[in-house]
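Worksheet: the structure to be examined is printed underneath.
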Amino acid sequence: MLSSVLIVDDSPVARMIMKKCLPANHGLTVYEAGDGKQGVKQYLKQCPDLTFLDLTMPVMDGFQALTEIKKNNPKAIVIVVTADVQEKVLQRVAALGALHTVKKPPSKATILDALQQATAALEIQESS
Amino acid sequence: MIFSQIFETINTGLVVLDKEMTVRHWNRWMALHSEISSDEITGKNLFEFFPELDRPHFLRNCRSVLTFGHFCFFSQKLHQYLFPMLPAGSLAEEFQFMQQSCTMGPLRNDHGEIENLYLSVQDVSEVVSYQKKLVHMNQIDHLTGVYNRNFMETQLQKEIERCQRFKHDLSLLMIDIDLFKNINDTYGHQCGDFVLKKITQRITDKIRKTDFLIRYGGDEFCCILTETPTNSAFKVAEQLRQVICSEPFVFKETSFETTISLGVASLNENDVDVESLLRKADTALYKAKQNGRNTVANTTR
Amino acid sequence: MSDIVPELFTDEEKDILQEVMNIAFGQASADLAEVIDIFVILSVPEIHVLKGHQLPGYLCEELQSSGTVNIIEQGFLGKFSGQALLIFPTGAEKELLTLFNQDQELTTLDIDIDILEQETLVEVGNILIGACIGKIAELLSDVVTYDPPRLIAKDYCLEDCQQSPVPAESFAISIRTVFRFDQQNVEGYLFLITNQHSIDWLKKALSTFLESFE
C-alpha cells in the first residue's frame, strides 16, 4: 500500500494543484520540496513510497534529481510530471528509471492512474 | 444562405481542407483561376492536383495551424504564389504566374476543436508590379538605363558581405570617359548624352548578366564584377577599353573617336568595406589617366 | 517574478501566472518539436510585469551584451488581447534559416538572401508566437485570432531607443525564454503587451484555472 508521497516542484501553485488532484480521503502523508536538491534531501530523509518530480527547476533540475535518487535507491518509484512531453524527453526520463510520466497540468484522472501504477509497482517489489 | 453567397462571390480564393489535406470546399474564384471545378476537386487530396505543395515547408505550416490554432501567412515575397494560376489581363506579360498572398487558419467544430483549416488566396500581382516599378525607378539611371549610384552603395555592401561569407572573389572597375568635356563642348550636350548611352550599351554587351554596370557620376561609371579575381578583371577591363576605342561613334553623320580609362580594384583581406574598395579603384583610375588615358591600371601595376 | 508593478497582481496570482506560463511553454516545446520536426527546448520562462514606458530601459538592461536586435510584432485578439513582441539578437536569423531550411527547399528559390532571412525570421516568429500564445489561451479557455506578423525593427540598436515601441500606459508581461533548437541556442525574448481590460480578464482566468482542480 502507498502511504507517503513526495511532491518536488519549484512552483508552489504546481504543488497545490498536485495535492488537489490527489483522491479525496487518500490518507497519504504528503511531503514537499521546492527544487531538485531539496527533493533529493527530502527523499533520503523521508523515504516516500512515491515521488512526483517536476523537470524544470532551479538549483538542480528533475533529470539530475532523478539520477541522484536512483543512485541512492535503484528501487525508488519516481513519476515525472512535465508539460513538455516530446518523445526525446520521455525516452530520457524512462532511461533514467522513471516509472511513468504525467502530462501537466495534471487532473484527478491522470493522478489516480499514476497512483495505481505506483501501487502495482510497489506490490511487485514487496512480493519479490 | 448569405454566407454561402459571400463564399462564392468574394474576390478572394477560399479553400477548406481537412486534416488529411482533402479538399472540402473550393470557391468559384479558385475554380475560375485554377480551371479546376469544385466538383472535380472536392473530396480529393489537394496534392493530387497541386503536387508542388507537398513539401516540408507547406506541411509544417499546416501542422502548426492544426496544432496551435494560429494563422500562417505565405508572403508573396518569399513564395510568389502557392497555387500556380495565370495572371489576369495585362499583367500576363510581366508575370508567368499570378502573384499571391495567402493565409491559412484553423476552423473549429462546436466543441472548439480544430477540425479543418482554410486557405485564402489573394491576387497581389498589381501591387507587386507597382512595387517593382518603384524599386526600378529608385535604382536606375534615367538617361542610360543602367543602375544608379544609390543602387551601387547597397549592392556593393551586399556583394562584399557575400564574398566574405563564401570566400568568393570580387572586383570593381572604375571607368571614366577620356576628355568627355571636349565632346560636350565640340558637339553639344545632346551628343554627350548620345555617347553616354552608346558607351553603356557597348559595355553591357560585353559583361555577364551577374555583373552590375552603374553610372557613378556625370561621365564616370563603375562595374561590379562578381566572383572575379584581379587577373580576370584586368582581362575584362582590357576588353571594355577595346570595345570603346575600336569603333568610332556616329552622331548625326559626324563620326568621332572616344576612349575610356579604367581602374581595377579587387577585394582582399586588407580592404573589407565599400569605402576602401572604392578608394582603391579611384586611385587606380587616377593612375590610368596619368599613364596617358585609354589604359587600364590597378594600384600596383 | 519581480515587483516592478507591485499593485497589479497578488502574490498568489503571480505564482499561478508563472505556473500557467511554465505549462504553456512546456507544452509548446513538445508540440513545436512535432510541428517543425526539430528537437526544441523552451527554457523555464522568467516572468516580469512592467509598464509600457519602462520597456525600453528594461530591454536595454536585459539585452545589454547582445548589441543590435530584430523585433517581430504580432497582434492577437481574444478575451486576452494585445501585441506580442518577439526579439532576437541580430544574427539569429542566419541560424534559424539553416535550421528551418535543412532540405534546402527555400534556397533554391531565386530570392535575395537578405529577404530570405528576413522572411524566415517572420515565419519562425509566427510559429513561435502562435505556439506560446495559443497554449496560454488554451489553458485559460480563450480562443485568439492573430494579425500578420511584421518585422518592425531590423538591426535595431536598443541603446538608441529613446521612445517606447508601445504606449506608455500599457502593461508589458515580459517572458524571457531561451529557444534551444537541436544543438543550437537561439536566445529569444517574448513580450506580451496588453491593456488594463485584458489584465482584469487575466486575473479572473487565473483564479478559474486554479479552481478547475477542485
Mind listing just one residue for me: the one in the range B:220-268 that is of a type in the set (D, E) and surrounded by 14 or more Cβ atoms within 10 Å (Cβ to Cβ) and, of those, nearest to the chain's Cα centre (by Cα)? B:E227
So B:T200 clears everything in (1) buried (at least 17 other Cβ atoms within 10 Å of the Cβ); (2) polar (S, T, N, Q); (3) in a loop (DSSP other than H, G, I, E, B) except one condition, right? Which one? (3)
Check the range B:120-127 and report whether any residue there is away from chain C (no Cβ under 14 Å) and more than 30 Å from C:V144 (Cβ to Cβ). yes
Taking the range A:6-27 and keeping residues within 14 Å of the chain's Cα centre (by Cα) and free of Cβ contacts under 8 Å to residues at least 60 places away in the same chain leaves A:L6, A:I7, A:V8, A:D10, A:R15, A:K19
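Identify, please: which residue in the range A:9-34 is closer than 16 Å to A:V80 by Cβ and in contact with a helix residue (DSSP H, G or I) (Cβ under 8 Å, 6 or more places away or on another chain) and is, among those, farthest from the other protein chains (Cβ to nearest Cβ)? First the steps, then the outcome.
Start the filter on the range A:9-34 by keeping residues that are closer than 16 Å to A:V80 by Cβ, which leaves A:9-11, A:14-15, A:17-18, A:21, A:33.
So of that shortlist, the ones also in contact with a helix residue (DSSP H, G or I) (Cβ under 8 Å, 6 or more places away or on another chain) come out as A:9, A:11, A:14, A:17-18, A:21, A:33.
Working: A:D9: 9, A:S11: 4, A:A14: 5, A:I17: 5, A:M18: 9, A:C21: 6, A:A33: 16 Å.
If we take residues in the range A:9-34 being closer than 16 Å to A:V80 by Cβ and in contact with a helix residue (DSSP H, G or I) (Cβ under 8 Å, 6 or more places away or on another chain), then A:A33 is farthest from the other protein chains (Cβ to nearest Cβ).
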Filtered residues of the range B:47-58 (kept if of a type outside the set (D, E, K, R) and facing another protein chain (nearest Cβ under 9 Å)): B:P56, B:H57
Do we have any residue at all in the range B:72-88 that's basic (K, R) and either more than 8 Å from chain C (Cβ to nearest Cβ) or buried (at least 21 other Cβ atoms within 10 Å of the Cβ) (or both)? no
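Got a sec? Which of B:H79, B:H168, B:H136, B:H111 is within 24 Å of B:D193 (Cα to Cα) and of a type outside the set (S, T, N, Q)?
Numbers: B:H79 fails: within 24 Å of B:D193 (Cα to Cα); B:H168 fails: within 24 Å of B:D193 (Cα to Cα); B:H111 fails: within 24 Å of B:D193 (Cα to Cα).
Going through B:H79, B:H168, B:H136, B:H111 in turn, just one is within 24 Å of B:D193 (Cα to Cα) and of a type outside the set (S, T, N, Q): B:H136.
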Which numbered condition trips up C:I71, out of (1) assigned to a strand (DSSP E or B); (2) under 22 Å from C:D15 (Cα atoms)? (2)
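Among the helices (runs of 4 or more DSSP H) confined wholly to the range B:1-49, which include 3 or more residues that are under 18 Å from B:A88 (Cα atoms) and in the same structural domain as B:C62 (by TED's automatic domain parsing)?
Values: elements: B:2-9, B:28-34, B:38-41, B:46-49.
Counting at least 3 such residues, we get B:28-34.
The values are calculated or read from the model by the stated rules, or taken from the named source; none is laboratory data. All values reported here derive from a predicted model rather than from experimental measurement. Cβ coordinates were reconstructed from backbone atoms using ideal geometry, including for glycine residues, and neighbour counts include every protein chain displayed.
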